[in-house]
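K.L.:
Next up is a structure, given as C-alpha cells.
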Amino acid sequence: MNNSVKNKNTVVSNVATIDAKNPIPFEPSGESTAFHLTRRVKRYLPFLEPKDNFFQLLLEAKLLSPTNNSCVNSKTNFCIGKGSFIKDGSENKEFDKFKKRVNKKGQNFDKLIKSVFNNHFTVGNNFVEIIRGEVGNKKFMWIVNRPYLDCRLSTPNDDDICETVFISKEFRRKTAWTLVEDKAVELPIYCGDLDDLKWYKSESGTEHCVIHVKNDLPGYEYYGMPDNIASLPYQVLEYKNVRYNLDIIDNNLVVGGVIFLEGNVTQDEGKKIGQDIVYSHTGDGKRGRWTVVTGGKGITNSALQQFDAKTDGSFLDLDESVESKIVDSNNWDTALYGQQKTSGIGNGGFAYLSAVFETKNKTVIEPIQELIIQDLIQPFFAIYDDWMGTKFSDLELGFKTVSPASFIGEIDVNSCLTKDEGREILGKPIMEDKAKGSEFISTAKNKKDVQAQ
C-alpha cells in the first residue's frame, strides 16, 4: 500500500520497501530530522527517517521470512525456557502471587517477559510501561509491554538523552508527521534514579513511566536494532522468491503452446474444439494450458506451436544461500529449530545437538537473559519495592533451561532404578529382602537376576 501525504509542493511517501534504491537507513541525530507534533514544541525521533516505518518493515520481514521467524521464535522459547525461578531455591509467597497476574490484560510475569524476548529479537526495542496507583489504602502496580508500533522516542536533550516516549495508535496510520497532541501521551523514561523521575499523572489518578530496553548497536544511538538486521534484504528476498514461484504457477500467460485451426471456424466452434483439446490433453491448474486460434490472417494450414515453459536456473541453491545468511545473522543454528543436517561429521546426532546447544546457550541465550534481568527486571523490582514495600530486589532470578532433545536415550536406566522399581514395572511383587530390593539394578552381577528373583 502506498500512502502519501501532500503539503503544497512536498510529497511524503510511506511504503515499507527495501531494494537497491531503498537501503537500510541510518538513524537521525539532532533536531533537524525530528518530526513535529502539531500545536506543540515537543518533537520526536522517527524510526527511521524519512518514512518512520522501520518497525513495521522489520515486523513484516520476520513474518514473511520462514527462516527468520523460526530463528526468532526458537531463541525466544529457549530464553524463557520453563519460566523464571528464584536461584537459591527459596520460596517467596508474595512474589509467587505477583507473578500470576502483572497487568489488567491478565498476563502472568513469564508471559510478559517472553514478549520482551520476542520483541528484542524482532526489532531490538521494548517499551515497558509501569503503572502505579492507589485505591483507598491499597496500593497496586502493573507492568505492560507496549506495542513498539505505537512508540517513538522524544528528541534528545542537551546531554544527548531521550527523556520521554510518545505513545499513540496514530503512528500506525502512516501519517504520524501530522500527529495531534490530543492523540498521543508522553511518558517519562526511567533512567535508574527514582528521586528525579517525574511520573506522568493520568486523569484517573494513576502514575506512569516507561523502561526502554534496547539492543545497542553502534551507529544507532537512540533506538536499538535486532542482531539479524544485516540479513534484512535476505529476509525480504526469501519471501519474494516464494512469491515469484506462486506468480508463475498462477500466471495465465504462461502457456504450453498455440493450436492454429485452418478453415472458416466460428468463434463458438473454435471455443468448443479448443476446450475438447485442452481438457483431453492437459491436467489441473492454469500453467501450461494451450491457446486455440481460429480464423486469423495468414493461417492457411492447421498447425501446432509448442512453447518451452521451463525457466532457466534453479532456486534451490538460492534458497539454501538465503537461509544460511539469515541464520548466521541471527547467530543461531538450524539444528535448534528442527532442521536436520545430513552432511558433516556427527551432524544430526545427540552429541552434535548437545554441543551446538551448549555453545548457543553460553553465547546467545544466557547473555540475553542477563541483559533483560539487568535492564528491565531489576529496575522494575526497584520501582516495585519503593511503592509496594516489598523486597523483590533481593531475589536473584533465573530462567529454567529447556533442552532441545531428551537425554533419556543417553541414560543407563539400570543405574537409576532399584530392583524393586524394576520389578514393579514388570508387574511383579517387591522382594522380601528390602535391602536387596533397594539396590540399583546395575549392581547385580547379572541384570536378569532381577526378573528371576
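K.L.:
Between Glu366 and Leu194, what FRET efficiency follows from the Cβ-Cβ distance if R0 is 22 Å, with the result rounded to 0.05?
P.N.:
0.15
K.L.:
Still on this structure, please answer the following. Please arrange Glu396, Glu366 by accessible surface area, largest first, computed with a 1.4 Å probe and ligands excluded.
P.N.:
Correct descending sequence by accessible area is Glu396, Glu366.
K.L.:
Ordering His212, His120 by how much accessible area each has at a 1.4 Å probe, largest first, what is the list?
P.N.:
Working: His212 40, His120 5 Å².
Highest to lowest solvent-accessible surface, that is His212, His120.
K.L.:
Ranked by accessible surface with a 1.4 Å probe, highest first, in what order do Lys214, Lys139 come?
P.N.:
Largest to smallest exposure gives the sequence Lys139, Lys214.
K.L.:
How much solvent-accessible surface does Ser442 expose, in Å² to the nearest 10, with a 1.4 Å probe and all protein chains in place?
P.N.:
50 Å²
K.L.:
Over the heavy atoms of Trp332, what accessible area does a 1.4 Å probe trace out, to the nearest 10 Å²?
P.N.:
The value for Trp332 is about 10 Å².
K.L.:
Out of the total accessible area of segment 96-183 (probe 1.4 Å, heavy atoms of protein only), what percent is carbon and sulfur? Don't skip to the answer; put the middle values down first.
P.N.:
Details: 1860 of 4110 Å².
Of all accessible area on segment 96-183, carbon and sulfur atoms account for 45 percent.
K.L.:
At 7 Å along the Cα-to-beta-carbon direction for both Arg146 and Leu217, put a label point, then send me their distance in nm to one decimal.
P.N.:
Placing both labels 7 Å along Cα→Cβ, they lie 2.2 nm apart.
K.L.:
Rounded to the nearest 10 Å², what accessible area does Asp328 have for a 1.4 Å probe in the complete protein model?
P.N.:
Approximately 100 Å² for this residue.
K.L.:
Something else about it: What are the trypsin sites (Lys or Arg not before Pro) within segment 50-83 that DSSP puts in a loop, where the Cβ has at most 10 other Cβ atoms within 10 Å?
P.N.:
Lys82
The values are calculated or read from the model by the stated rules, or taken from the named source; none is laboratory data. The structure presented is a predicted model; accordingly, all values stated were derived computationally and were not measured. Counting neighbours? That spans all protein chains shown, and the Cβs are built from the backbone with ideal geometry, glycine included. These accessible areas exclude ligands, DNA and RNA; they are computed on the full protein's heavy atoms, side chains included. Shrake-Rupley method; radii C 1.70, N 1.55, O 1.52, S 1.80 Å.
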